[in-house]
1. Please work out which residue is surrounded by the most Cβ atoms within 10 Å (Cβ to Cβ), limiting yourself to the range 200-211 and to residues that are closer than 10 Å to L258 by Cα and within 16 Å of the chain's Cα centre (by Cα).
2. Please verify whether the range 232-254 includes one or more residues that are touching a strand residue (DSSP E or B) at 6+ places or on another chain (Cβ under 8 Å) and either assigned to a loop (DSSP other than H, G, I, E, B) or in the same structural domain as N124 (by TED's automatic domain parsing) (or both).
3. Is one or more of the residues making up the range 145-161 within 19 Å of the chain's Cα centre (by Cα) and hydroxyl-bearing (S, T, Y)?
4. Can you tell me which residue within the range 132-149, out of those that are touching a Ser or Thr at 6+ places or on another chain (Cβ under 7 Å) and assigned to a loop (DSSP other than H, G, I, E, B), is surrounded by the fewest Cβ atoms within 10 Å (Cβ to Cβ)?
5. Check M81 against each of (1) at pLDDT below 95; (2) aliphatic (A, V, I, L, M); (3) not in a loop (DSSP other than H, G, I, E, B) and name the one condition it does not meet.
6. Restricting to the range 232-260, give me the number of residues that are of a type in the set (F, W, Y) and farther than 22 Å from D299 by Cβ.
7. Sort out which residues of the range 261-272 are without any contact (Cβ under 8 Å) to a residue 60 or more places away in the chain and outside any helix (DSSP H, G or I), and write them in order of number.
8. Conditions first: (1) at pLDDT below 95; (2) closer than 25 Å to N124 by Cβ. G39 passes all but one, so which condition is the exception?
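The values are calculated or read from the model by the stated rules, or taken from the named source; none is laboratory data. None of these values were measured; they are calculated from a predicted model. Neighbour counts are summed over all protein chains in view; Cβ atoms, including those assigned to glycine, are modelled from backbone coordinates with ideal geometry.
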Amino acid sequence: MICIDRHDGWRGDDLMRKIGVVGVGTMGQGIAEMLSKSGLDVLLVERTEERLDHALQMIELMLDKQMEKWAITAAEKKMIMSRIRRAEQLQDLEGCDMVIESITEDLEMKKELFRELDRICPPNVILASNTSTLSLTELANETKTPDRVIGMHFLHPVADIDLVEIVRGLQTSDETYERTKTFVQETIAKKAVLVYESPGFVSTRLICTLINEALHTLEEGVATAEDIDAAMRIGYDFKYGPLEMADRFGLDAVLAALERMFREFGELKYRPSYLLKKMVRAGQLGVKTGQGFFRYDKDGDRL
């Protein structure tokens, strides 16, 4: 465990070993898997037992797919799963060194959660949010210790993307930032990019603009969805084209991000495509529903 006297400052030899993850949807599952692979103990919290059971099943499924590709062994899978444990309640996170929040992008729900975490966790515990668009300053303002609140924006798929945006809110302390940076770069071996709070940060702001323009291009009949994605995937060496990216992020999540940036910036380039709104209303949300711009099987693979 970390023992820090906040008056004496952080000691560089202090290590984080036990991490809480609140919210184990697609991103939370990826974060939990990645943390365990880094040798950390992970404690998961979800709203219901059913959601937690599903999350653990999905993590195991992801590991099974890696075994099929000879990326990990059965023994490694067993070790990874052994480090991931369920928590019965938020109170169980009291002994964690860091808590990463990865619940739905709902400001009021996140505020309520941070109030609870601030009450439960000792002052030396870093409270991090995986939000992609919301204000860290606003979340931190719900706590009595806003200096320990920071953004850690992971990109999907977490295990494959070696980047974390570390987002500083207005009151995030240098100590919190340095501890988080050390954790990202040394403990989980990812590249840390420092971002000062702004709607969408860097990656969400840029990729949502690209996705929105791809949607306008599709609406105008310039090219098919398949050819738009092929142009960017092959021509610019993207792993996925912008429309498949949207499917994998979740079209509802893309819409929410664009709407928030449009409200915050007031610029037309962030105004969501009508096609995007129509697909969300139809419940065609991408991978998680099996249908978006493309079709997917239950494992998330393109059909």
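1. Only one residue tops the list, namely C208.
2. yes
3. Among the residues of the range 145-161, not one is within 19 Å of the chain's Cα centre (by Cα) and hydroxyl-bearing (S, T, Y), which makes the answer no.
4. T133
5. (1)
6. Matching residues across the range 232-260 total 1.
7. Within the range 261-272, G266, E267, R271 qualify.
8. (1)
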